[in-house]
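First up is the structure itself, then whatever we jot down about it.
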Amino acid sequence: LDRNGEVLGKPAIIFSRFSGDMADQKRIVGSIVRALAACTPLKLTPSLGGAIAGRLFTLRFTPPSRKA
């Protein structure tokens, strides 16, 4: 992220473990990319923005729990 809360560069999926066929997997990845786009830019204070600018962040997306 930059100091204004914008994503620097293109987000990369470095590990994934999806179930379903290839079409399902593509839909999941598309949903994750849209979620990230919808949540940025982050609203940061100037001091927090300066502290985190350029650092890498790892996000973990997990499906909701399925109740029996």
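Overview of values
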item: Three-way shape call for the chain based on the alpha-carbon gyration tensor, with the a/c threshold at 1.5; result: prolate
item: The chain - percent relative contact order, Cα under 8 Å, separation 6 or more; result: 57 percent
item: Cut-off 14 Å between beta-carbons: net charge of the residues surrounding S16, Lys and Arg +1, Asp and Glu -1; result: +3
item: Per-residue SASA entry for F15, accessible area with 1.4 Å probe, Å² rounded to 10; result: 150 Å²
item: Cβ-placed point charges (K, R +1; D, E -1), dipole of the chain about Cα centre in debye, nearest 20; result: 200 debye
item: Between helix 22-39 and the chain: long-axis angle, C-alpha atoms, 0 to 90°, nearest 10; result: 20 degrees
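The values are calculated or read from the model by the stated rules, or taken from the named source; none is laboratory data. Quick caveat, the model's predicted, so the values are computed rather than measured. Here Cβ is always computed from backbone atoms with ideal geometry, including for glycine, and neighbour counts include all displayed protein chains. All accessible areas refer to the heavy atoms of the entire protein, side chains included, with ligands and DNA or RNA removed. Shrake-Rupley method; radii C 1.70, N 1.55, O 1.52, S 1.80 Å.
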